[in-house]
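Beneath this line is the structure, given in structure tokens, with notes to follow.
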Amino acid sequence: FPIDGRTNKPRTEGLTMVIDKGLGINETKDLFEVAANYVDFLKLGFGTSSLYDQEILSQKINLAKEYGVMIYPGGTFMEIAISQNKLEEYISMACKLGYPAVEISDGTVNISQEVRERAIAMALDAGLLVLTEVGKKNLRDKVQIEHYVKQIRQDLGCGAFRVIIEGRESGKDAGFYDGKGRFVAGEMEQILEAAGDTNLLIWEAPLKHQQQGLITMFGPNVNLGNIPANEALALEALRVGLRGDTLRLQFE
Amino acid sequence: FPIDGRTNKPRTEGLTMVIDKGLGINETKDLFEVAANYVDFLKLGFGTSSLYDQEILSQKINLAKEYGVMIYPGGTFMEIAISQNKLEEYISMACKLGYPAVEISDGTVNISQEVRERAIAMALDAGLLVLTEVGKKNLRDKVQIEHYVKQIRQDLGCGAFRVIIEGRESGKDAGFYDGKGRFVAGEMEQILEAAGDTNLLIWEAPLKHQQQGLITMFGPNVNLGNIPANEALALEALRVGLRGDTLRLQFE
Amino acid sequence: FPIDGRTNKPRTEGLTMVIDKGLGINETKDLFEVAANYVDFLKLGFGTSSLYDQEILSQKINLAKEYGVMIYPGGTFMEIAISQNKLEEYISMACKLGYPAVEISDGTVNISQEVRERAIAMALDAGLLVLTEVGKKNLRDKVQIEHYVKQIRQDLGCGAFRVIIEGRESGKDAGFYDGKGRFVAGEMEQILEAAGDTNLLIWEAPLKHQQQGLITMFGPNVNLGNIPANEALALEALRVGLRGDTLRLQFE
């Protein structure tokens, strides 16, 4: 491959998280047959996990297990549970359904630092892998970067496996992206400094130019999230230089 | 769910119509297994219904029947039949293939009021459910809003089950949407007044911000059409507040 | 059909080339069941062909053969092979895997005229159908139109079956398209003159307005490429006038 050093599964860096907006069983199987080696996490987007027929959901979770992909319900679902004082029920439901991981976020619902820490602790106690997310879904809710910097440090200190940097499904006008899908100047640097190690972050990067920019900046093993299911193989091509955009860099 | 009152199937309000641009048998089955409870109509977009192999088309129609989804051929196909003086043949073909509904539109072909009424009557006589559509596919063909207001009233008077408000597959520069996919000021109010009851309309809203705007305005049970197949579950999440955009409203 | 004269398979004009970004076996089968009559080539985009599990890739190639679709690996993959001095290995690998065709391009890697001709000759000798491509993936790499004019003539002279006009997967800011996906003024005319016969070209046209423009200009049997898999049937509807945009032309 034109770009060297891409990690293999099970990997701890170069993670790819795909967002699933409602894939059926055949589509899920198709994704895994083609790209399971390149997909580490499959997130059931938004609160869709609660809209599935139990039998279908159970088949999806088993299929993910079989192919070595960590499947988990989107953070919005837990935000709702917390806003309804059902944190315990949520964690226990996640375990019962067989999810290996959960995501803890406050993209829409405001959640106190105390509750956030309790949620992380409770999920860890239940044996779940914990991903946290920083950033607001709506730019109007956004608070100062100092807050996020602190939150990243605290989440990692509490045992979060990785911290996801919000980008939504659209990649625009959300989290740390502006209306054109570009990082707000200066914020990325502060996020990186807070994490200490780039590898502790997962950047939501649904758009190709975002994926390309992050790979160019951090190399083939940057952790990327919210990848559309039908772009999973194309992203892997981008990572290893099998696509014009990153291949071109080898000749400059 | 954060937003209460979402209707169940068989529903008469809160209808979702998905546009099918050429789903295969596995994909159709996937869609239904995951989202049949949330999908009321499946429209075979444009004139694609005539491009299928008969055996495959027949399988799709049977699959829809099995899952309780009303499948029907896009209005453009009937416009062509009418322009070729083949209205009778069209209706009889629809019955023979097993479609439970048809759509009568004049988005591209100009059709006289008399022929429109004849088409509605003929379809009703044949036992078909009739959806009509108002609006032109190309903004250059657009006529004054007064015409559409009158047409909505007439269609409903003639026995149309619902009137679809044109938005195309793109949601932009078509029907009643401008180049950014926003309603032309003032037109929505007149359309609503003509229908009398919002529930008698189906708004074509392929773009997320359109879906979100209509749900915010009319609640979770607004009738929406031209939903991309891979967005069907995400739309349901939006309807019931399982997605940041509508969930956020609950906290304001 | 409203537009007459659409060719049938096996066709030598009116070719449709679909870009495959990682379709699974079910999805590939779905595409072929629904649209194999309308799809002539299936290109495994970028260098994705090297990311598949051998067994899955072999199933895809066999499926394409069964449905009469010419499957081939994207040009970027051969550019990499050439840049690593592995042209022979590449051609022999393509034959061994059962690909009926290859694409020779220099969208990213600079390749001398001599090597280009050698690659064409070697592929022809191996019994492969040869598609070549002109145009750079990145507009910054673009050279003068005179170069491409010459290259088109030379490729056809060397035995290329068709010359593909670069448009990328995005259709914007690439090849001969500007940031809005429109042809740069004057270049299309020169490209046409170089080919002599429009039918010797395949226009990459991933966006609907590009497909519509080319069909309006050249008729239903213009050769089009980089069609997204889920748009294959919609494109056929556009070709034969079963979609508003081209149907409308019949009434003007």
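For the structure I just gave you, tell me whether B:ALA36 is closer than 27 Å to A:GLY45 by Cβ and either modelled with pLDDT of 95 or more or within 14 Å of chain A (Cβ to nearest Cβ) (or both).
When the stated conditions are applied, B:ALA36 passes them.
Enumerate the helices (runs of 4 or more DSSP H) found wholly within region C:53-100, keeping only those where 1 or more residues are touching a strand residue (DSSP E or B) at 6+ places or on another chain (Cβ under 8 Å) and away from chain A (no Cβ under 14 Å).
In region C:53-100, the matching helices (runs of 4 or more DSSP H) lie at C:54-66, C:87-97.
Just one of (1) assigned to a helix (DSSP H, G or I); (2) aliphatic (A, V, I, L, M); (3) within 14 Å of another protein chain (Cβ to nearest Cβ) trips up C:LEU23, so point out which.
(1)
Can you name the residue in region C:38-83 that is over 23 Å from C:ASP106 (Cα atoms) and touching a residue at least 60 places away in the same chain (Cβ under 8 Å) and is also nearest to the chain's Cα centre (by Cα) among such residues?
C:VAL39
Can you pull out the residues in region A:215-228 that are surrounded by fewer than 21 Cβ atoms within 10 Å (Cβ to Cβ) and assigned to a helix (DSSP H, G or I)?
A:THR216, A:MET217, A:PHE218
Looking at C:GLY14 and the list (1) free of Cβ contacts under 8 Å to residues at least 60 places away in the same chain; (2) closer than 27 Å to C:ARG243 by Cα; (3) in a loop (DSSP other than H, G, I, E, B), which single condition is not satisfied?
Of everything listed in (1) free of Cβ contacts under 8 Å to residues at least 60 places away in the same chain; (2) closer than 27 Å to C:ARG243 by Cα; (3) in a loop (DSSP other than H, G, I, E, B), C:GLY14 misses just condition (1).
B:SER112 passes all but one of (1) touching a residue at least 40 places away in the same chain (Cβ under 8 Å); (2) surrounded by fewer than 17 Cβ atoms within 10 Å (Cβ to Cβ); (3) within 30 Å of C:HIS209 (Cα to Cα); which number fails?
For B:SER112, the failing item is (1).
Within region A:181-198, track down each residue that is in contact with a strand residue (DSSP E or B) (Cβ under 8 Å, 6 or more places away or on another chain) and assigned to a helix (DSSP H, G or I).
Of the residues in region A:181-198, the ones in contact with a strand residue (DSSP E or B) (Cβ under 8 Å, 6 or more places away or on another chain) are A:183-184, A:191-192, A:195.
Within region A:181-198, A:ILE191, A:LEU192, A:ALA195 qualify.
Given the structure, is A:PHE1 buried (at least 23 other Cβ atoms within 10 Å of the Cβ), in a loop (DSSP other than H, G, I, E, B) and either touching a Lys or Arg at 6+ places or on another chain (Cβ under 6 Å) or not basic (Lys, Arg) (or both)?
Against the criterion (buried (at least 23 other Cβ atoms within 10 Å of the Cβ), in a loop (DSSP other than H, G, I, E, B) and either touching a Lys or Arg at 6+ places or on another chain (Cβ under 6 Å) or not basic (Lys, Arg) (or both)), A:PHE1 does not qualify.
Tell me whether region C:176-199 contains one or more residues that are within 13 Å of another protein chain (Cβ to nearest Cβ) and not charged (D, E, K, R).
Yes, region C:176-199 contains at least one residue that is within 13 Å of another protein chain (Cβ to nearest Cβ) and not charged (D, E, K, R).
Any chance region C:2-18 includes a residue that's among the aliphatic types (A, V, I, L, M), within 23 Å of A:ASN37 (Cα to Cα) and within 14 Å of chain B (Cβ to nearest Cβ)?
Checked against the condition, which is being among the aliphatic types (A, V, I, L, M), within 23 Å of A:ASN37 (Cα to Cα) and within 14 Å of chain B (Cβ to nearest Cβ), region C:2-18 yields no hits at all.
Consider region A:101-149. How many of its residues are part of a strand (DSSP E or B) and β-branched (Val, Ile, Thr)?
Total satisfying the criteria: 5.
Could you give every pair whose Cβ atoms fall below 6 Å, whose first residue belongs to region B:230-245 and is without any contact (Cβ under 8 Å) to a residue 24 or more places away in the chain, and whose second residue is outside any loop (DSSP other than H, G, I, E, B) and not aromatic (Phe, Trp, Tyr), counting only separations of at least 6 or pairs across chains?
That search, which allows pairs on different chains as well, returns B:ALA237/A:THR48; B:ARG243/B:ALA237; B:GLY244/A:THR76.
Of these, B:LYS9, B:LYS29, which one is in a loop (DSSP other than H, G, I, E, B), of a type outside the set (Asp, Glu), touching a residue at least 12 places away in the same chain (Cβ under 8 Å) and touching a helix residue (DSSP H, G or I) at 6+ places or on another chain (Cβ under 9 Å)?
Step by step, each of B:LYS9, B:LYS29 is checked, and only B:LYS9 is in a loop (DSSP other than H, G, I, E, B), of a type outside the set (Asp, Glu), touching a residue at least 12 places away in the same chain (Cβ under 8 Å) and touching a helix residue (DSSP H, G or I) at 6+ places or on another chain (Cβ under 9 Å).
The values are calculated or read from the model by the stated rules, or taken from the named source; none is laboratory data. Just so you know, these numbers come straight off a predicted model, no measurement behind them. Every residue, glycine as well, gets a Cβ built from its backbone with ideal geometry; the counts of neighbours run over all protein chains shown.
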